[in-house]
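Right, one structure below, let's go through it.
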Amino acid sequence: MLLVCTQESESSQKIKHKNYETAILGRNVTIFCNLTSLANVLQVTWQKIQGSLLQNIGTYSHKYGENILPPYVNRLHCQILEPNAFFITIQGVTFEDEACYKCLFNTFPYGSHEEQTCLNILIVPELIITELYPVNGSEDLLNLHCSAVGRPAPGISIYPSQALVLTQEYFTKNPNNTVTVTKIHNISLKTVRSLGLQQLVVSMIHPLRSEEKIVPLPVKQEGPECPFLNWSITAIVFAILFFTSCVISTVLCIYFWKKR
């Protein structure tokens, strides 16, 4: 997860806040600012800073309550938690909300004090696995495609890694600001058999969600040869052949004896 830091202003009027906050796309997020002194807060103004653009988005005062400005009407709420602790809640977060948010305290008799929190938007990832299939021109290799989509880019790993011969990795940035990570793995059947593997584990790692999927291997394990079993089969075959020869010889003897 992203590092959360609490920073206080150097002035005597200290504001507790987070330097960074994260939100999941489509969900709500709340940002806090707490003036630690006993100064009388006349009004708190919330501003959005996106690039070089700064705009007022809402205010709150004990006398007039909240006042939300466009385009955040019906999406933003300014509230008070304690006498000098204020917060805003943004509903249904979109990528347009990824910005820094400044809380500006207008106090008496100390004037104004401010701090800001920067908001990062994350997207819950999804792990996709395609089927195993043979590599053209090789009797020993299987090919496995794995991909994951999210923001930030998810990580993909395969265990046990000893079975992997070659791995290729690609990153694609999508129009909706997500990143697709694709890994193409070549898997050695010889190594799979020598390790006695029945399956592989594909693991996806992401700040919001981790996931594992099992990939069965279409490989018949070759068991060790048994000398006793081989000897028994040979003995049985020999006995059958010997018995058959005896029967044939007996029949022929009887046949020729009767013809005399």
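Read-outs: derived from the displayed coordinates by stated rules, not from any lab. Here the structure is a predicted model, which is why all the values come from computation and not from measurement. All Cβ positions, even for glycine, are placed from backbone atoms using ideal geometry, and neighbour counts span all protein chains on display.
Kindly provide the Kirkwood hydrodynamic radius of the range 130-216 in Å, to one decimal, from all pairs of distinct alpha carbon atoms.
Values: mean 1/r = 0.0726 Å⁻¹.
Evaluated on the range 130-216, it is 13.8 Å.
Rank by packing, highest mean first: peptides 89-99, 116-126, with packing defined as the count of other Cβ atoms within 10 Å averaged across residues.
With the highest mean Cβ count within 10 Å placed first, the list reads 116-126, 89-99.
Placing +1 on the Cβ of each Lys and Arg and -1 on the Cβ of each Asp and Glu in the range 130-216, which of HIS145, LEU195, THR180 has its Cα farthest towards the positive end of the resulting dipole?
The Cα lying farthest towards the positive end belongs to THR180.
Cβ neighbours within 10 Å, averaged per peptide: list 185-193, 170-178 in order, most packed at the top.
Ranking the peptides 185-193, 170-178 by packing returns 185-193, 170-178.
Quick one: in the range 66-197, what % of C-alpha pairs are over 27 Å apart?
Roughly 50 percent, rounded to a whole number.
Checking a compactness column here: for the range 15-122, what do you get for Rg(Cα) / (2.2 N^0.38 Å), N being the number of residues?
1.01
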